Amino acid sequence: MSNRFLNSVTIVTIGLSILIVSSFALFFMNTNALLDFWRKGIRVLVYLEPQATEANRLDLRYQIQQMENVQEIHFISKETALKRLKDQMRNHSSLLENLKDNPLPDAFEIRIIDTSRELTNVAALAEKIKSLSQVEEVEYGQHWVARFSHIINIFRFIGYAMGGLFLFATLFIIANTIRLVLYSRKEEIEIMRLVGSNDRFIKTPFYIEGLILSALGGIVGLTALFAAYRFVLSKFHSSLSLGLLEIKFLSIEQYFLFIGGSMLVGWVGCYLSLKQFLKN
Amino acid sequence: MKIVDTALIRIFNVSKHYGSKPALSQISLEIFKNEFVFFTGPSGAGKSTLLKLLYLGESFTEGQVLIDGMNLARISKSRAHILRRKLGIIFQDYKLIPGKTVFQNIALVLEARGMGQRLIQKKVQSILRTVGMEDRSRAFPLGLSGGEQQKVAFARAVVGEPKIILADEPTGSLDADAAENIFDLLTTFHKRGATVLFATHDTSLIRNTRHRIIHLKQGHLQV
């Protein structure tokens with residue numbers, strides 16, 4: 001088998017592994033950004049009992065304002081709420097025309113400090129507010145945010161597992177390719193030893209070769225990822241972006257991190273096969 | 001006493017078995033500094049095996065071998081290069097690397113020792129002149145005749161200025177002229193101070209020699 005063919009196969013297989021691992025990374029990066037974007041939109045709505053008085057309202061406002069993680073609090077009277085509802089349902093205004101009483105409750109809208117948007121913090125705050133008197137209900141879109149987070153966590157777990165699997169696959173591929181190269185040059189290595197070469201002198205070119213192959217494999221994989229990213233972006237941009245969120249590619253740091261990771265795996269692959277080969 | 005002091009290679013009761021088959025049995029001998037020794041005997045007598053033990057190409061089953069103060073039984077595979085840098089080895093099948101040029105094949109010995117490129121250039125050119133191959137430095141081994149390949153192999157063996165030259169049937173595949181050429185080169189380097197161990201079954205080379213001849217037969221020394 002010629003070295004050129006072996007090298008090409010190695011670069012392509014490393015490229016494929018890197019493509020798969022980096023695709024997962026890109027997917028998580030963007031879903032995390034999406035989740036974060038949604039989290040930023042979280043408002044806690046506190047609905048008041050219908051019999052709550054002006055004094056109760058002021059007291060509640062004061063108590064909530066004193067709580068940790070609360071950035072801003074707005075009062076939305078039931079009249080404002082109805083007006084907003086009517087605005088939103090302008091096309092179906094007939095549905096609300098015959099209302100005698102305003103069925104909506106008074107409410108507070110609370111914005112949370114940026115750093116406290118973890119779901120558990122929001123849940124704890126909601127629980128605390130709910131225990132106050134004159135509070136009927138507290139809502140923050142808990143159900144769908146929790147469900148989405150759960151799905152992302154499952155994906156993340158699968159991603160780690162797949163990443164780990166492909167890491168080992170890459171390691172195995174590199175180790176075996178180097179082993180094949182070593183076997184194809186067995187006689188040459190034996191001659192080098194006979195003329196007084198030490199192991200380091202013999203190993204160095206293989207390490208350099210392994211590092212170059214894995215770096216090239218990494219570049220091939222990430223280039224393929226970029227091409228796929230551009231393709232997806234051009235085809236599905238409008239439906240995926242939700243008009244607000246941009247689908248991002250790896251940053252330059254992440255790009256080099258992947259190349260570096262690929263080279264590290266290449267180095268370890270070389271190390272393993274050289275250690276075994278030179279022992280024999 | 002003086003002779004014992006200058007013994008460069010000491011072999012004590014060395015035996016080598018391949019499975020249950022003995023290749024060498026109870027060999028003991030001493031080779032002195034700047035000696036030229038022929039090892040002769042029919043094929044399978046153990047000449048090549050004995051030389052292989054000396055450059056750690058094979059391990060011996062029992063006995064002791066000392067070369068220039070180094071105990072071969074105690075040299076690990078990763079430290080074999082320390083011994084091999086004292087040796088220049090010539091093989092019947094030349095063992096040149098086909099993908100490297102004549103120059104690169106010879107330079108390899110010096111590169112492995114960490115020598116600078118300028119000095120390597122100088123030394124390789126000089127040895128190529130000595131063996132009469134200066135105009136073939138860019139040729140690849142497979143483009144050379146057998147005699148030329150053996151000259152290159154010889155140049156590679158001596159370029160590192162080894163104390164000991166081990167020549168394992170170096171003329172076995174060559175015609176009479178080429179064989180004589182190699183023999184003359186070995187004689188030249190012997191005169192310059194190298195100790196030469198020459199394994200051959202070619203009786204014409206040893207007919208009129210004044211050097212020591214060690215006969216081997218079925219793995220035993222013949223006195």
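Some points to look at:
- Taking the Cα centre of region B:2-78 as origin and assigning +1 to Lys and Arg Cβ atoms and -1 to Asp and Glu Cβ atoms, the resulting dipole is close to 160 debye.
- Each Cα pair under 8 Å and six or more residues apart adds its sequence gap; the mean of these over the residue count of region A:1-107 is a relative contact order of 31 percent.
- In order through region A:205-212: 3J(HN,Hα) via Karplus (6.51 cos²θ - 1.76 cosθ + 1.60), integer Hz, x for Gly, Pro: x, 5, 4, 4, 4, x, 5, 5
- Overall, region A:158-279 carries a charge dipole of about 160 debye about its Cα centre when +1 sits on the Cβ of Lys and Arg and -1 on the Cβ of Asp and Glu, all other atoms neutral.
- Distance histogram in 5 Å bins (all Cα pairs of region A:1-125, percent per bin): 2, 8, 12, 12, 10, 11, 9, 7, 5, 4, 4, 4, 3, 3, 3, 2, 1, 0
- FRET efficiency estimate (nearest 0.05) - Cβ-Cβ, B:A176 to B:Q104, R0 51 angstrom: 0.95
- Kirkwood Rh and Cα Rg combined as Rg over Rh, evaluated for chain B: 0.96
- Calculation over all alpha carbon pairs of chain A in 10 angstrom steps from 0 returns a P(r) of 6, 20, 19, 16, 13, 11, 8, 5, 3, 1, 0 percent.
- Using R0 = 60 Å, the C-beta based FRET efficiency linking A:K83 and A:I252 works out to 0.75.
- Taking 7 Å steps out from each Cα toward its Cβ at A:Q276 and A:A227 produces label points 3.2 nm apart.
- 10 Å beta-carbon shell around B:T171, net charge (K/R +1, D/E -1): -4
- Fraction of antiparallel bridges per DSSP, the protein assembly as shown only, in percent to nearest 5: 65 percent
- Relative to the longest principal axis of the Cα atoms of chain B, helix B:102-111 runs at roughly 60 degrees.
- Whole-Hz couplings from phi, Karplus 6.51/-1.76/1.60, listed for region B:44-57; x for Gly and Pro: x, 6, x, 4, 5, 4, 4, 5, 4, 4, 6, 9, 6, x
- Using Cβ point charges alone (K and R +1, D and E -1), the dipole size of the protein assembly as shown about the Cα centre works out to roughly 2160 debye.
- Note on B:A7 and B:K77: the model spin-label points, each 7 Å out from Cα along the C-beta direction, lie 3.1 nm apart.
- B:D93 versus A:I208: modelled label distance in nm, points set 7 Å from Cα along the beta carbon direction: 2.9 nm
- Part-to-part distance (alpha-carbon centres) for region A:33-74 and region B:26-73, which is given in Å: 93 Å
- The residue list B:F32, A:I151, A:F28 was ranked by how far each Cα lies along the charge dipole of the protein assembly as shown toward its positive end, using unit charges on Cβ atoms, and B:F32 comes out on top.
- Between B:R129 and B:I213, the FRET efficiency estimated from the beta carbon spacing at R0 = 35 angstrom works out to 0.65.
- Working from the Cα coordinates of the protein assembly as shown, the gyration tensor eigenvalues give, after taking √(5λ), semi-axes of 86, 24, 17 Å in decreasing order.
Only the coordinates and a few stated rules stand behind these numbers; no lab work does. Predicted model only: the values in this text are computed from it and were never measured. Virtual Cβ from ideal backbone geometry, glycine too; neighbours counted across all protein chains shown.
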